[in-house]
Amino acid sequence: MKKILLALPLCLAISLTTTAQRSSPQAMQKLLNAEYAISTLYVDTVNEDKLIEEAIKGMLESLDPHSSYTDAKETKELEEPLQGEFSGVGIQFNMNKDTLYVIQTVPGGPSERVGIIAGDRIITVNDTTIAGVKMKNSDIQKRLRGKKGTNVTVQVKRAGVKELITFRITRDNIPLNSIDASYMLDEQTGYLRISRFGAKTHEEMIDALKDLKRQGMTQLIMDLSDNGGGYLNAAIDMCNEFLERGQLMVYTEGEHSPRNEANANGWGDYKDLHMVVMVNQYSASAAEIFAGAMQDWDRAVVVGRRTFGKGLVQRPFRFEDGSMMRLTVARYYTPSGRCIQKPYDRGDKKAYEKELLDRANEGEYYSLDSIQFNDTLRYTTRLNGRTIYGGGGVMPDVYVPIDTTEYTIYYRDLVAKGITNQFAISYVDKNRKSIAKKYKTVKDFDENFIVTDEMMRDFIALGEKDSVKYDEEKFRTSESLLKDIIKGLIARDVYSSASAYSVVINHRNRDLKAAIEVLNDRERYDRLLREGNPEYERLVKRNDK
């Protein structure tokens, strides 16, 4: 399998000297003269390093929306979630008001090894009080994270224990998982939600698929909703598991970058697995590569809404000080030849960032009839020759509108102020043992636990305490949704499982319902892969008129 390496956001040993030599001598001299004049003659003292950084940013901003510059600190923060691990104490936490509350410890991680448990509140870190002082999450993380093998001392408040408990934790490498949820929806349907494409995503996916297969999976729903992308090679490795030998997965091409292809090697174990891929407007980059390849080879039915439309390839140039420039050097294309990148005007990043809002205002999220299909952007799939469309993002085979009827202003304010999280944390803190004892599994909890009216009265009171004024009418509109979210958060905390929240909340996921319906109606599934969505043809003809 030939892999495309251009889009890997990793450190590359690249000399900029050759590039500089290709530039116009007059242009280079002009830039140097400007920098010299400012640094030596400007009325006030200037930071030359900062000046150069701003110059680089200015040049990149005039090109495209995805070329960018990050300083050393920003670069580290950008890469860390994709590397698959970092060094720290191994806890997942939430801030309950202004106190760190441990939701769960990483199994086998540093905190679990010394005895920290879910529900503990960390009060001090190395003699610095972090509770009750309104410290930023980022500042708390800095104190907890550090080099592998170093120690950090924390004091913990535990329910039922009067005195603070002191723990000395030796930091270690902590995995950052790409998979948010993996479980069986029914006896035959596996569900896999991937949040990002990182260094270990392919490995995690294989482990999850093997586990689902052991449980009886014969068909799969791959959920890439809200997946903003990541490493291109992670998407390529994933595509390879589902495609036949020699099938093109993606290719890149640019003015100074010759065509570079990635083709499947045919070694994948899931080439015959019936599959639906879920996407939405926040699915981007590597997520679009995967969805596009599956759609172009008639390999899976894509369900949801049109994806973000990020089809530009960035090549990283790392500088000696740890900063990095990510320069767009090519566009990527799906196997049918579609460029997923949505249109943009050079230098107008505000309009580009506003494009998703424009889609909402034009009604694209709520009604299929609001979508503009352009006949000039018509493409055909590689096997069955069915019609698909380009022009910005991947248009799903089955469109699912968003239902906003339960999303009131009251609901928005409660969620925005973290009231749902605060209430769930407080409730679990008081009832963790009794819940775990009464409901042995997440499935048992999901089927039998009820968020009572008394709980909701306490929830409303907590909101009012934080200036969210109770609105009877809007509460009744959002009540069912709020109860499900609270129930899901309680399940996640009690069972220390990333999948637990999805198990509880997914019954109201309209995209998932549509995906299940398509998978279970094999005649419709096959027809979509063979002929496409006939509704799209109607809309193309309407727009042509």
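The values are calculated or read from the model by the stated rules, or taken from the named source; none is laboratory data. Bear in mind that the values here come from a model prediction, so they are computed numbers and not experimental data. FYI the Cβ positions are ideal-geometry reconstructions off the backbone, even for glycines, and counts take in every protein chain you see.
What the table below lists for this structure:
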read-out: Sole exception among (1) closer than 30 Å to G108 by Cα; (2) part of a loop (DSSP other than H, G, I, E, B); (3) hydrophobic (A, V, I, L, M, F, W, C) for V468, by number; value: (1)
read-out: Flag if L220 is surrounded by 19 or more Cβ atoms within 10 Å (Cβ to Cβ), in contact (Cβ under 8 Å) with a residue 12 or more places away in the chain and either within 17 Å of the chain's Cα centre (by Cα) or not in a helix (DSSP H, G or I) (or both); value: yes
read-out: Selected residue (criterion: farthest from Q314 (Cα to Cα)) from residues of region 233-285 that are outside any strand (DSSP E or B) and of a type in the set (F, W, Y); value: Y270
read-out: Hits in region 190-216 - residues which are assigned to a loop (DSSP other than H, G, I, E, B), touching a residue at least 40 places away in the same chain (Cβ under 8 Å) and in contact with an Asp or Glu (Cβ under 9 Å, 6 or more places away or on another chain); value: G198, A199, K200
read-out: Flag for Q281 being of a type outside the set (D, E), over 17 Å from I206 (Cα atoms) and modelled with pLDDT of 95 or more; value: no
read-out: Check on G160, over 30 Å from K430 (Cα atoms), not charged (D, E, K, R) and not in a helix (DSSP H, G or I); value: no
read-out: Flag for E255 being modelled with pLDDT under 95 and over 23 Å from the mean Cα position of the chain (by Cα); value: yes
read-out: Enumerated helices (runs of 4 or more DSSP H) restricted to region 476-545, each holding at least 1 residues that are without any contact (Cβ under 8 Å) to a residue 12 or more places away in the chain, of a type outside the set (D, E) and farther than 27 Å from K430 by Cα; value: 510-520, 522-531, 534-544
read-out: Residue match in region 352-364 (condition: more than 27 Å from R538 (Cβ to Cβ) and in contact (Cβ under 8 Å) with a residue 60 or more places away in the chain); value: yes
read-out: Subset of region 306-344 [under 30 Å from D397 (Cβ atoms), in a loop (DSSP other than H, G, I, E, B) and small (G, A, S)]; value: G309, G311, S336, G337
read-out: Out of T452, T404, sole residue that is surrounded by fewer than 17 Cβ atoms within 10 Å (Cβ to Cβ), more than 24 Å from M278 (Cα to Cα) and among the β-branched types (V, I, T); value: T452
read-out: Output for region 390-400, where each listed residue is touching a Lys or Arg at 6+ places or on another chain (Cβ under 8 Å), part of a loop (DSSP other than H, G, I, E, B) and within 17 Å of A514 (Cβ to Cβ); value: V394, M395, P396, V400
read-out: Test for S67: is it touching a helix residue (DSSP H, G or I) at 6+ places or on another chain (Cβ under 8 Å), at pLDDT 80 or above and under 24 Å from N227 (Cβ atoms); value: yes
read-out: Residue in region 142-162 that is surrounded by the most Cβ atoms within 10 Å (Cβ to Cβ), counting only those that are in contact (Cβ under 8 Å) with a residue 12 or more places away in the chain and under 19 Å from L176 (Cα atoms); value: L144
read-out: Filter result (surrounded by fewer than 18 Cβ atoms within 10 Å (Cβ to Cβ) and small (G, A, S)) within region 199-217; value: G216
read-out: Among the residues listed as L356, L377, the single one being surrounded by fewer than 21 Cβ atoms within 10 Å (Cβ to Cβ), within 30 Å of N240 (Cα to Cα) and among the aliphatic types (A, V, I, L, M); value: L377
read-out: Contacts under 8 angstrom Cβ, first residue in region 47-72 being over 22 Å from Y344 (Cα atoms) and in the same structural domain as R318 (by TED's automatic domain parsing), partner small (G, A, S) and surrounded by fewer than 15 Cβ atoms within 10 Å (Cβ to Cβ), 6 or more apart; value: none
